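Visitor: A single structure is presented below for examination.
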Amino acid sequence: MLDDASGPLIYLTMPYESAGELSAEAARLAAEHGLICYDPQSEHLRPVHDD
């Protein structure tokens, strides 16, 4: 899916009922690759939690 990705951002859509779990995983993956994760609905950066 992202093999040909380029540019300053990746926009992900996800079902509402899975958003909490999926956004946590997206934030974790972003941090693992030295990137940041922004939540446009809350208008904040998505922190990474070590649960």
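The values are calculated or read from the model by the stated rules, or taken from the named source; none is laboratory data. Everything quoted here is computed from the prediction, not taken from an experiment. Neighbour counts run over all protein chains shown; Cβ positions are idealised from the backbone, glycine included.
Visitor: Take Ala24 and decide whether it is surrounded by 10 or more Cβ atoms within 10 Å (Cβ to Cβ), of a type outside the set (Lys, Arg), in a helix (DSSP H, G or I) and in contact (Cβ under 8 Å) with a residue 24 or more places away in the chain.
Guide: So Ala24 passes the test.
Visitor: Answer yes or no: is there a residue in the stretch 31-50 that is out of contact with any Phe, Trp or Tyr (no Cβ under 6 Å at 6 or more places or on another chain), modelled with pLDDT under 85 and among the hydrophobic types (A, V, I, L, M, F, W, C).
Guide: Yes.
Visitor: Same structure, new question: Consider only pairs whose beta carbons are under 6 Å apart and that are at least six residues apart or on different chains; among these, list those whose first residue lies in the stretch 31-51 and is among the aromatic types (Phe, Trp, Tyr) and whose second residue is modelled with pLDDT of 85 or more.
Guide: Sorted first by the residue in the stretch 31-51, then by its partner, the pairs are Tyr38/Leu45.
Visitor: Mind listing whichever residues of the stretch 1-21 are closer than 15 Å to Tyr38 by Cβ and outside any loop (DSSP other than H, G, I, E, B)?
Guide: Kept after step one, since they are closer than 15 Å to Tyr38 by Cβ, are these residues of the stretch 1-21: 7-14, 19.
Result: Ala19, single match.
Visitor: Kindly establish whether Ser18 is out of contact with any Phe, Trp or Tyr (no Cβ under 6 Å at 6 or more places or on another chain), modelled with pLDDT under 85 and polar (S, T, N, Q).
Guide: No: the conditions fail for Ser18.
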